[in-house]
Amino acid sequence: MKINESEISLQQQAQSFFETSITTKYSYKFSWLGRPIIQYPQDMVAMQELIWKVQPDLIIETGIAHGGSLIFSASMLELNAICGACQDAEVLGVDIDIRAHNREAIEAHPMFKRISMIQGSSVDPEIIEQVKAKASGKQKILVCLDSNHTHDHVLAELEAYAPLTSVGSYCVVFDTVIEDLPDNMFSDRPWSKGNNPKTAVWEYLKTHPEFEIDKSIQDKLLITVAPDGYLKRV
């Protein structure tokens, strides 16, 4: 779905909204089945569409935070199973620091039956091997990268985890929008313009033609944290 000329004004307004929403911590206002998810509703809808379309038996997520995204993915897999998809589909979360209160809340959640977690750096070779072992034997894998947002870290995650993405599925790289926002918005973080997930995506795609940016997703969403970040394996 391409944006036509009549929608250019809407696109500009969406960008203005997005920039303003950053300062008000808009994405922190939402939860999924009781756990903070720290995502924009538009991307949540897009992920629901992808999970239904791909019917993954494994979703790999880097970055756990409060666990809302894990609960979201697990609940989508549960709905897929009710509708006749893979009955033992699961989501694997990786985070360098799974805080005790978050782990406790995730493990107490009804959707934890489809969740497993690994604590450690997502780019540590030992952690990568653990994830690959979990992926072994899976038929349809969807990958979501949402941890440290520096260029080098995301590029290393792409090199490690994007190859696990099954053909026809997606590797979704979140917060590529950093490249499109005023640089002073992230003065307290190690990422910035020229050093963020989008620059890592651009670098990765130079040598990985098996992936292409599915711009139809960002074009219909208008508001997304992942422009150029919905990567489809073809």
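All of the numbers you see were taken from the coordinates with simple rules; none came from a lab. This one's a predicted model, so the numbers in the text were calculated from it and none came from an experiment. In this analysis, Cβ positions are derived from the backbone assuming ideal geometry, glycine residues included, and neighbour counts consider all displayed protein chains.
If you go through region 96-106 and keep only what is of a type outside the set (A, V, I, L, M, F, W, C) and either closer than 15 Å to Ile71 by Cα or in a helix (DSSP H, G or I) (or both), you end up with His101, Asn102, Arg103, Glu104.
For the condition farther than 22 Å from His208 by Cα and surrounded by 18 or more Cβ atoms within 10 Å (Cβ to Cβ), what is the one hit in Arg99, Arg114? Give the derivation first.
Details: Arg99 fails: surrounded by 18 or more Cβ atoms within 10 Å (Cβ to Cβ).
Answer to the selection: Arg114.
Of the residues making up region 149-173, those that are in contact with a helix residue (DSSP H, G or I) (Cβ under 9 Å, 6 or more places away or on another chain), crowded, with 21+ Cβ neighbours inside 10 Å and assigned to a loop (DSSP other than H, G, I, E, B) number 2.
Listed here are the residues, each with its yes/no results for (1) outside any helix (DSSP H, G or I); (2) within 13 Å of the chain's Cα centre (by Cα); (3) closer than 25 Å to Lys220 by Cβ.
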site	(1), (2), (3)
Met47	no, yes, yes
Ser73	no, yes, yes
Met76	no, no, yes
Gly84	yes, no, no
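Within region 12-28, does at least one residue satisfy the condition of being within 26 Å of Gln130 (Cα to Cα), surrounded by 17 or more Cβ atoms within 10 Å (Cβ to Cβ) and not β-branched (Val, Ile, Thr)? So far as region 12-28 goes, no, none of its residues is within 26 Å of Gln130 (Cα to Cα), surrounded by 17 or more Cβ atoms within 10 Å (Cβ to Cβ) and not β-branched (Val, Ile, Thr).
Which ones in region 123-139 are in contact (Cβ under 8 Å) with a residue 24 or more places away in the chain and in contact with a Gly (Cβ under 8 Å, 6 or more places away or on another chain)?
Result: Ile127, single match.
Within region 70-90, no residue that is closer than 14 Å to Gly34 by Cα and free of Cβ contacts under 8 Å to residues at least 24 places away in the same chain sits with its Cβ atom under 7 Å from a residue that is in a loop (DSSP other than H, G, I, E, B) and not small (Gly, Ala, Ser) at 6+ positions apart or across chains.
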